[in-house]
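Taking it in order: structure first as structure tokens, then the write-up.
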Amino acid sequence: MAQPSIRDYMDTVPPFNGDPILISNFILACENVIEILGRPDDANFNSFLVAHIRSKLVGRATQLIAVRNLKSWNELKQAILFTFGDQRDEDALMRDLIMLKQENNESSLRFGEKCQDTLSLLLSKVNSSVITEALRIEKISMYRNLAVKTFMKGLKEPYSLIVRCRNPQTLEEAINIVTEENNLNYIRKVTQAPNNRLYQWPNRPNHWQQQAGQRPITNSSFPRPQNPQQGNTPSSVQICSLIEIQSPHFITPT
């Protein structure tokens, strides 16, 4: 079995466009590649890896980071965190998550997206911090549970009660419950609408029936045939001559 090439490892690194939510995944993928392929005693090869990582920067990240003369991974990592990372610390992000609530003109699904965005920033901050793996796992679990509670508490009724009765374990599960309820409400409105009947095509008018405002149909309504003695009726000889002129292949019977 062939060994994975450098390109194969670099394909595991996703593109990064400067979105703060994507920082932790991007940095984690880069560090995994460097841990596998890095050579502490080969500065040229390590610079080669950093150049590959820089090629993963797209959009705004390319404009602000790729143009800098950053040769080591630590320099590139710190520049990415300083430029695109959320400047709020972990405690501030946790407070912001707790204080979230659905606004008056805000849909329940949009409120769920706000909870997801804040949770993603918080988890990104945890993943990029220098802590033990056990503490990292504990914090991630705690913040995920906090996001579910914040979503259920901040929802307006009747959705808040409906979601709490279903007892979701994750934020995504709670948002799916709201989505299902929205779909059911839409179906109820459609089925209970007063004009919810099959479309009936209008009756086609009967041209043989007398319509309002029209004169009754009598024998005098039809044109009378002219008197054949007036000479206006063509003879059979004239008809045959006309057919022979229009159809040259027509053979007159003898």
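Miscellaneous remarks
- Put a dot 7 Å past the Cα of Asn17, heading toward its Cβ, do the same for Gln3, and the two dots end up 3.7 nm apart.
- Estimated dipole of segment 6-84 in Debye, rounded to 20 [Cβ of Lys and Arg +1, of Asp and Glu -1, Cα centre]: 300
- Local electrostatic count at Gln169 - Lys and Arg +1, Asp and Glu -1, tallied over other residues with Cβ under 15 Å: +2
- By the count of other C-beta atoms within 10 Å, a proxy for reagent exposure, Phe111, Phe48 are ordered fewest to most as Phe48, Phe111.
- Dividing the C-alpha radius of gyration of segment 74-177 by 2.2 N^0.38 Å, with N its residue count, gives 1.19.
- Projecting the Cα atoms of Leu37, Ile65, Val50 onto the charge dipole of segment 6-84, computed from C-beta unit charges around the Cα centre, puts Ile65 farthest toward the positive end.
- Debye log10 I(q)/I(0) for segment 6-84, one point scatterer per Cα, at q = 0.12, 0.24 Å⁻¹: -0.29, -1.20
- For the pair Asn104 and Phe45, the difference between a 0.36 nm per residue extended length and the Cα-Cα distance amounts to 15.6 nm.
- Within the shell defined by Cβ-Cβ distances under 13 Å, the residues around Lys101 carry a net charge of +1, with Lys and Arg each +1 and Asp and Glu each -1.
- Point-charge dipole on Cβ atoms (K/R +1, D/E -1) for segment 90-191, about Cα centre, debye to 20: 260
- Legend: ranking of residues Ile98, Ile187, Ile177 from fewest to most surrounding C-beta atoms inside 10 Å; resulting order Ile187, Ile98, Ile177.
Computed from the coordinates by the stated procedures, all read-outs in this text should not be read as laboratory data. Treat the numbers as computed from the prediction; the structure is a model and nothing was measured. In this analysis, Cβ positions are derived from the backbone assuming ideal geometry, glycine residues included, and neighbour counts consider all displayed protein chains.
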